[in-house]
Amino acid sequence: MKAKPQRLRTFYLSLFFVLLYIPVLAVILYSFNQSPSTAQWTGFTLDWYRQLFRDRVIAEVFKISIVVAISTSILSALLGTAAAITTLQVTEGMEKKINTVMLLPLLVPEVALGVSLLLFFSALKLPFGYLTLILSHTLFCTPYVYIMVQLRLKEIDISVIEAAKDLGAGRWQIIKTIILPLVAPSILTASLLAVAISLDDVVISTYMAGPTSTTLPVHIFSMMRVGVTPKVNALCTLILVGTFFIIGFSQFISKKSKQREEFN
Amino acid sequence: MFNLKKIKQNAPAVPILVWTGILVGIPLIYVVVLSFLSRDSLGNIVFEFTWENYKRIFDPVYLKVFYNSFLLAVLTGLITLLIGYPVAYFTANLEANRRSLAMGLIILPFWISSLLRVYGWIILLGNNGLINSLLLKFKIIDKPLTMMYNFGTVLVGTAYMLIPFMIVALYNSIDKLDRSLLEASYDLGASKWKTFFKITLPLTMPGIAGGFTLVFIPALGLFFISDLLGGGKNIFLGNLINAQIKGRNRPLAAAFSVGMIILVLLVLYIYTRITKNKKEGLFL
Amino acid sequence: MTKVLLQLKKVNKYYGNAHILKDISLDINDGEFITLLGPSGCGKTTILRCIAGLENIDSGEILLNGVSIKDLAPNKRNVNTVFQNYALFPHLNVYDNVAYGPRVQKSLDEKELRKRVAEVLELVQMSGYEKRMTHQLSGGQRQRVAIARALINEPDILLLDEPLGALDLKLRKYMQTELKHLQKQTKTTFVYVTHDQEEALNMSDRIVVINKGEIQQLGDPREIYNNPRNLFVADFIGDRNITRVEILEKNNNHFKLKLGSNIIDIKCFAAAAEDCEAGETAILAVHMDKVRIYCTETPNSLLGEVISIHYAGSQVRTEVKIDAEIVTVIEYQNSNCDYNVGDKVYLSWEESAAVLLPLEDDTEGSNV
């Protein structure tokens with residue numbers, strides 16, 4: 001009697017995950033295809049990767065993307081953490097306000113946010129390029145850091161903070177010696193997520209890029225619009241591998257910090 | 001009367017509110033203002049009040065685009081809900097080890113480049129794509145099927161892109177469900193299906209509403225999906241705004257953006273009505 | 001010579017509309033072990049948190065060595081707390097946990113600090129555990145670290161919030177002796193919060209019984225146990241039979257009482273009995289384990305019928321129905337006679353086992 005719904009469950013979930021990952025696997029697979037067309041598999045090659053490494057433009061936009069992603073990650077880690085820690089001491093009503101304001105960038109569709117920033121920055125006559133890219137990416141990455149740090153803060157036993165107060169620590173000492181060490185793993189994971197999100201953004205970057213400085217996803221997007229070429233597959237595959245390194249690293253961090261607290 | 005103590009307590013919040021206010025609040029207000037302004041023949045903005053931009057929204061061509069986008073976002077919400085609910089429900093009922101594996105697989109796509117994930121569908125569905133070549137090879141068809149460049153393709157791509165949001169929202173809600181309530185329901189004689197419709201579904205309503213909102217909002221504006229999968233025939237709001245920006249018709253782009261935000265506000269309003277008196281927030 | 005160390009004067013505390021502490025006034029002497037005892041939600045922990053500075057008081061005054069500390073932040077009060085769940089810092093090892101106080105106050109240099117940490121760890125018998133992380137410790141060990149961490153600042157008062165609550169029974173008994181010993185050794189004033197009367201009676205120099213935000217009685221353990229001042233204390237401390245009686249006659253400390261159809265004479269020297277007058281209804285509270293059962297008629301006893309007998313290990317619980325009231329008797333050895341359910345028996349007790357208390361207004365609705 002019991003086996004039947006379980007079998008249905010396994011079947012449904014397996015089917016779902018296969019569908020979820022088939023498009024990704026297809027991209028990876030065809031990055032190794034000799035033929036430039038997906039119509040047939042003509043044999044294994046690394047040629048497309050070779051071509052990729054010779055592409056000067058890609059190297060350039062990749063560099064821009066990395067600089068933007070890392071700056072964004074640092075800025076949004078600082079801002080998101082500061083905002084989350086601030087909610088610890090303000091009144092409940094103010095905490096709700098901060099929540100709304102911090103999450104606002106996620107509630108506005110990216111196109112609308114991108115357009116509004118484009119119009120605003122051009123009204124301010126800001127030069128489009130690194131500055132606008134970093135500002136806008138920080139804007140939509142900060143909420144993720146805020147959410148992740150906030151979730152971690154909610155897990156901290158309030159009496160630990162009271163104990164610190166009781167033992168003589170002032171507000172800054174508590175932040176420095178108790179809160180920051182306890183949320184550090186979350187900040188790090190969130191910063192890595194911010195890197196990934198920044199490196200993935202197409203919509204807002206389309207509006208923020210300068211005449212000479214575009215980002216990797218915007219460039220890939222324009223390549224894709226031209227048509228299917230295994231070079232794009234190779235590029236996507238490389239990005240995927242890079243992302244998986246980041247994920248592996250962040251998993252490693254969160255596992256380590258969890259182990260430490262398992263018994264607390 | 002001002003409560004001095006409260007003001008002092010809330011003072012640290014000021015920089016955060018100011019920062020986000022400048023970067024989100026002012027640009028959004030500016031967009032609204034701009035949507036009422038005119039432009040000269042070179043595309044430069046002229047500070048002259050006009051309803052013209054909004055009148056143009058009601059041009060049947062543009063109205064159709066609004067309708068398309070709204071339909072796409074709603075259908076995306078429904079499809080991801082229908083496919084995602086069983087995924088979330090089954091996952092929540094897995095034993096601990098398998099559950100974290102399943103959750104990992106659901107969350108992983110958040111990290112994978114969205115362009116790559118769209119591109120995968122081109123490879124699968126294209127005229128020279130994987131599916132067509134397989135079908136041709138096994139002689140199931142003798143002419144490639146046209147699966148690309150229609151509304152359905154865009155819908156598939158958008159739903160595929162956003163379904164992890166839906167599942168995570170649903171999962172959080174289902175996972176919070178007190179299992180003893182379900183047991184009580186069985187104990188009182190309700191069947192599995194009855195329990196699902198009378199207990200599980202109503203109690204996970206906040207998750208459903210949250211998931212729908214989280215899917216609906218981005219579905220309105222992911223122009224790269226419709227660009228890559230929809231071709232030139234299927235224009236959505238995102239593409240339209242993008243085109244107006246390129247055509248230097250900024251006031252019109254602003255008006256369309258305002259229209260888009262109004263659609264979002266509508267959904268957010270419905271969301272807050274559904275989740276009223278519930279503790280769960282959209283993200284926290 | 002006792003010196004008053006901490007004074008609470010008419011302390012009031014509200015949470016919204018709930019009046020949590022009602023005019024609490026209390027003097028705590030230097031070097032004593034004082035216990036705040038009461039059911040959960042009675043306000044005992046709130047008093048502790050007000051002394052620690054973790055809660056602000058709405059009115060009243062808190063004086064430490066005669067100086068007001070009510071507006072001082074917790075980190076400015078020379079008072080330390082051992083939290084209910086220990087609240088050890090999960091990211092720090094034992095040494096760094098204990099060293100936390102002096103470090104944030106910058107009161108000791110690292111060399112002195114090492115010596116001092118070693119001293120307090122020695123005191124709580126945790127020497128050698130310095131490098132352990134807190135999650136590698138057992139409940140009892142965490143407890144000791146929490147105490148060491150609080151003691152290192154040499155506080156005027158150590159506040160302990162149900163510190164033994166999370167430990168198992170055996171360890172709890174052991175730690176009771178340890179804590180008392182530690183208090184004697186360090187000569188620190190301990191303010192101890194618990195809902196466990198046995199803990200309170202075992203360890204304390206004085207006990208403050210609290211209910212609904214009000215002090216019910218203050219006294220040494222013997223006094224609290226034997227001479228409850230009101231019905232709440234009589235009911236909360238020790239297992240007592242609480243019955244309504246009519247006072248027929250009063251002659252100084254001698255009373256003639258009517259319980260159902262029984263009439264008995266008792267002597268009661270408790271202060272509360274002085275408020276009981278002839279002709280009134282009052283409360284008779286008798287320790288369950290001090291009532292004896294006789295099968296033959298005994299002078300000055302209550303006649304009743306055995307309705308149930310429960311054997312629970314070394315003790316026997318017998319329920320006897322006396323007219324409308326049911327009296328529980330706990331016997332540890334063989335009783336005076338054999339009896340079975342349905343038998344008529346006579347109940348009597350030694351003089352000190354019974355207390356007579358005036359009926360309180362709010363007892364009307366209760367299950368007395």
- [ ] Just rank B:W121, A:W172, C:W349, fewest to most, by other beta-carbon atoms within 10 angstrom.
- [x] A:W172, C:W349, B:W121
TODO: For C:K173, go through the lysines and keep the ones whose alpha-carbon is under 19 Å away, minus same-chain ones fewer than eight residues off.
DONE: C:K184
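Whole number please: convex hull volume per residue, Cα atoms of the range B:1-137, in Å³. Mind showing how you got there, number by number?
Working: hull volume 44.9 nm³, N = 137.
It comes to 328 Å³ per residue, whole-number rounded.
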Open item on the list: For q values of 0.08, 0.18 Å⁻¹, compute log₁₀ I(q)/I(0) with the Debye formula on a Cα-only model of the range B:60-274, without solvent.
Closed with: -0.37, -1.23
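In deg cm²/dmol, rounded to 500, what helix-only [θ] at 222 nm does chain B give when every DSSP H run of at least 4 residues adds -39500 (n - 2.57) and the total is split over its residues? Write out the running numbers ahead of the final one.
Details: 15 runs with 195 residues, N = 284.
Helix contribution divided over all residues of chain B: -22000 deg cm²/dmol.
What does the charge count near B:S257 come to, summing +1 for each Lys or Arg and -1 for each Asp or Glu among other residues with Cβ under 12 Å from its Cβ?
Taking every other residue near B:S257 into account, the sum is 0.
On average, how many beta carbons from a partner chain sit within 10 Å of the beta carbon of a residue in A:142-148?
Details: counts 4, 2, 2, 0, 3, 3, 0.
The mean count of partner-chain Cβ atoms within 10 Å per residue comes to 2.
Which whole DSSP H helices in chain A pass both tests: a Cα extent of 24 Å or more along the axis and a mean Kyte-Doolittle value no lower than 1.6? Write out the running numbers ahead of the final one.
On the way: long enough: A:3-30 (39 Å, 1.26); A:56-89 (51 Å, 1.49); A:130-155 (37 Å, 0.78); A:180-200 (29 Å, 1.79); A:230-261 (46 Å, 0.41).
Span-like helices, by this rule, are A:180-200.
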- [ ] Per residue of C:87-95, count partner chain C-beta atoms within 10 Å of its C-beta, then hand back the mean as an integer.
- [x] 6
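Using only the Cα atoms of the range A:1-98, build the gyration tensor, take square roots of its eigenvalues as a ≥ b ≥ c, and label the shape rounded, prolate or oblate: rounded if a/c is under 1.5, else prolate if a/b is larger than b/c, else oblate. Mind dumping the intermediate values first?
Values: a/c = 5.41, a/b = 1.24, b/c = 4.35.
In terms of gyration-tensor shape, oblate.
Counting only helical runs of four or more DSSP H residues, what would the 222 nm mean residue ellipticity of chain C come to if each run contributes -39,500 (n - 2.57) and the total is spread over all its residues? Mind showing how you got there, number by number?
Numbers: 8 runs with 85 residues, N = 368.
-7000 deg cm²/dmol, from helical runs alone.
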Task: Proximal lysines to C:K131, defined as alpha-carbon separation beneath 20 angstrom and excluding residues fewer than eight positions away on the same chain - done: A:K256, A:K258, C:K111, C:K115
Open item on the list: What three numbers, in Å, describe the spread of the alpha carbons of chain C along their principal axes, ordered from the longest?
Closed with: 77, 45, 41
Open item on the list: Just to be sure I understand: with springs between alpha-carbon atoms less than 10 Å apart, which residue in C:K106, C:K173, C:K321 has the highest mean-square fluctuation in the Gaussian network model of chain C?
Closed with: C:K106
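Within 10 Å, count the other beta carbons around each residue, average over each peptide in C:305-311, A:87-93, A:146-152, and list them highest first.
On the way: C:305-311: 13.1, A:87-93: 15.6, A:146-152: 22.6.
Answer by packing, highest mean first, reads A:146-152, A:87-93, C:305-311.
Can you give the Kirkwood hydrodynamic radius for the range C:219-340, in Å, rounded to one decimal and based on Cα pairs? Present the calculation step by step, with values, prior to reporting the outcome.
Values: mean 1/r = 0.0646 Å⁻¹.
Here the Kirkwood hydrodynamic radius works out to 15.5 Å.
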Open item on the list: Need one value for C:102-112: mean number of C-beta atoms belonging to other chains within 10 Å of its residues' C-beta atoms.
Closed with: 2
Task: Cα centroid separation - the range B:6-76 against the range A:62-127, whole Å - done: 17
Open item on the list: Can you give me the distance in nm between label points at C:N253 and C:T296, each placed 7 Å from the Cα along the Cα-to-Cβ direction?
Closed with: 3.2
- [ ] Apply 1/(1 + (r/R0)^6) to the Cβ-Cβ distance of A:L180 and C:Y15, taking R0 = 41 Å, and write down the FRET efficiency to the nearest 0.05.
- [x] 0.85
Open item on the list: Rg/Rh for the range C:187-270 to two decimals, with Rh computed the Kirkwood way over all alpha-carbon pairs.
Closed with: 1.08
TODO: Grab the eigenvalues of the alpha-carbon gyration tensor for the protein assembly as shown, scale each by 5, take roots, and send me the semi-axes largest first in whole angstrom.
DONE: 71, 33, 28
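According to the Kirkwood expression over distinct Cα-Cα pairs, how big is the hydrodynamic radius of the range A:57-217, in Å? Spell out each step's value before the answer.
Numbers: mean 1/r = 0.0593 Å⁻¹.
Answer for the range A:57-217: a Kirkwood hydrodynamic radius of 16.9 Å.
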Task: B:K192 versus A:F11: modelled label distance in nm, points set 7 Å from Cα along the beta carbon direction - done: 1.3
- [ ] Enumerate the lysines that C:K267 could reach by cross-link, defined here as Cα to Cα under 16 Å, with residues fewer than 8 away along the same chain left out.
- [x] C:K250, C:K256, C:K258, C:K290
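Which order do A:K97, A:K165, B:K8 fall in if you start with the one that has the fewest other Cβ atoms within 10 Å? Please report the intermediate quantities before stating the final value.
Details: A:K97 16, A:K165 23, B:K8 9.
Final ranking by Cβ density, sparse to dense: B:K8, A:K97, A:K165.
Which pairs, out of B:K5/C:K9; B:K8/C:K13; C:K44/C:K70; B:K64/B:K233, put more than 19 Å between their alpha-carbon atoms? It would help to have the intermediate numbers written out before the result.
Numbers: B:K5/C:K9 25 Å; B:K8/C:K13 22 Å; C:K44/C:K70 17 Å; B:K64/B:K233 12 Å.
Cα-Cα > 19 Å for B:K5/C:K9; B:K8/C:K13; rest within.
Treating the beta-carbon of each Lys and Arg as +1 and of each Asp and Glu as -1, no other charges, what is the dipole magnitude of chain C about its Cα centre, to the nearest 20 debye? Walk me through the numbers before you get to the answer.
Working: 42 positive and 52 negative charges, 376 e Å.
With Lys and Arg at +1 and Asp and Glu at -1, about 1800 debye.
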- [ ] List the cysteines in chain C whose Cβ has no other cysteine Cβ under 4.7 Å from it.
- [x] C:C42, C:C50, C:C268, C:C276
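Read-outs throughout are calculated quantities, based only on the coordinates presented, and are distinct from any laboratory measurement. Worth saying up front: this structure is predicted, and the values here are computed from it rather than measured. Methodologically, a virtual Cβ is constructed for each residue, glycine included, from the backbone with ideal geometry; neighbour enumeration extends over all protein chains shown.
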